[in-house]
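K.L.:
If you scroll down you'll find the structure; I have some questions about it.
FYI, it's all coordinate maths here, none of it is from the lab. Treat the numbers as computed from the prediction; the structure is a model and nothing was measured. Note that each Cβ is placed from the backbone with ideal geometry, even for glycine, and that neighbours are counted across all protein chains shown.
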Amino acid sequence: MIKQTPWDAAAFGMPTWELESGTEDALREADAAPGHQTIKVDPLADKAALHAHGFYYCDTLLATVGTAARLPTLAIPPGLRVSRTVDHAAALAICHGAFAHGRFHRDFALPRDGADLRYDNWLRQLLDKGEVYGLYRNDELGGFIAASGNSLVLHAIAPAMRGQGLAKYWWHQVIADLFEQGHETVTSSISASNVAVLNLYASLGFSFQHPQDIYHRIVP
């Protein structure tokens, strides 16, 4: 009823686990597994047992889904393009420290440098698989979007490129490309606290569903 998450363990230097159930049996099993633990539950579920076992709230995730029929038509400004050719070092420089809304950054019990390393390691894996789009303005890398199948799984924009209304044009190009590949939907998962990204997806015709509250704890 619990499973190890070795990619998280590599970043935080301790065993890491995800609970597949919040039943009392699963919680007792997890009590005997030292390390950092995560559980995702329905927001309306009773959290009393989680609190009794030392879990604390970290984030709420929203699933978002878009279809080609709902994707608006946009005129892409000159100089803005996306490409599968990405300089790995430049993308990693943008990635490092970019995820303040991530649940691992919001977890007061975890070191920020470990949370940064988790996302850096994830991006390295995605780059090695060729699953990353570079976001370019006049040939300067301004960010990246990683897509695994039809799911946008990791994305960030360089600080110098934020707040200029560029994101919707880059996202539109990546999403349109995924639809051209034959995907019927494009999906992502977003922290409910990340209002800027929520508004971005809403502007591109995406709807939101399946909220999940994320709870963490560390078992000594």
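K.L.:
Lys and Arg at +1, Asp and Glu at -1: add these up for the other residues within a Cβ distance under 15 Å of residue 96 and post the number. Don't skip to the answer; put the middle values down first.
P.N.:
On the way: positive: 112, 118, 124; negative: 87, 113, 116, 120.
Net of charged neighbours comes to -1.
K.L.:
If I model a spin label as a point 7 Å beyond the Cα along the Cα-Cβ vector, how far apart are those points for residue 196 and residue 76 in nm?
P.N.:
Those two pseudo-labels are separated by 2.2 nm.
K.L.:
Please list 80-88, 125-133, 138-146 highest first by mean number of surrounding beta-carbon atoms within 10 Å per residue. Walk me through the intermediate numbers first.
P.N.:
On the way: 80-88: 14.4, 125-133: 16.1, 138-146: 18.6.
Ranking, from highest mean packing down: 138-146, 125-133, 80-88.
K.L.:
Rounded to whole Å, give me the distance from the Cα center of the stretch 1-42 to that of the stretch 170-197.
P.N.:
29
K.L.:
At 7 Å along the Cα-to-beta-carbon direction for both residue 47 and residue 25, put a label point, then send me their distance in nm to one decimal.
P.N.:
If labels sit at residue 47 and residue 25, their model points lie 2.6 nm apart.
K.L.:
Now, a different point. Would you mind counting up the charge near residue 54? Only other residues with Cβ under 10 Å from its Cβ, with Lys and Arg at +1 and Asp and Glu at -1. Let's see the in-between values first.
P.N.:
Working: positive: 217; negative: 31.
With Lys, Arg at +1 and Asp, Glu at -1, the net is 0.
K.L.:
Here is a follow-up. Can you sort 99, 208, 104 by how many other beta carbons sit within 10 Å, fewest first?
P.N.:
Numbers: 99 22, 208 14, 104 25.
Ascending number of Cβ neighbours within 10 Å: 208, 99, 104.
K.L.:
Could I ask something else about it? Step by step: find N for the chain, compute 2.2 N^0.38 Å, then divide the Cα radius of gyration by it. What's the final number?
P.N.:
Working: Rg = 18.5 Å, N = 220, 2.2 N^0.38 = 17.1 Å.
Normalised Cα radius of gyration, the chain: 1.08.
K.L.:
On a full-extension model of 0.36 nm per residue, what is the gain between residue 207 and residue 60, subtracting their alpha-carbon distance, rounded to one decimal in nm?
P.N.:
On the way: separation 147, 0.36 × 147 = 52.92 nm, distance 1.61 nm.
Once the chain is fully extended between residue 207 and residue 60, it gains 51.3 nm.
K.L.:
Over all alpha-carbon pairs of the stretch 36-130, lay out the pair-distance distribution in 10 Å bins, whole %, shortest bin first.
P.N.:
Percent of Cα pairs in each bin: 11, 28, 32, 21, 8, 1.
K.L.:
Provide 201, 169 in ascending order of the number of other Cβ atoms located within 10 Å of each residue's Cβ, fewest first. Before the final figure, lay out the partial values.
P.N.:
Working: 201 23, 169 17.
Fewest-to-most ranking of 201, 169: 169, 201.
K.L.:
Okay, moving on. Restricting the calculation to Cα positions, tell me the Rg (one decimal) and the Dmax (whole number) of the stretch 151-220 in Å.
P.N.:
14.7, 49
K.L.:
How long is the stretch 50-90 along each principal axis, judged by its Cα atoms, biggest number first, in Å?
P.N.:
56, 36, 15 Å, listed from the longest principal axis down.
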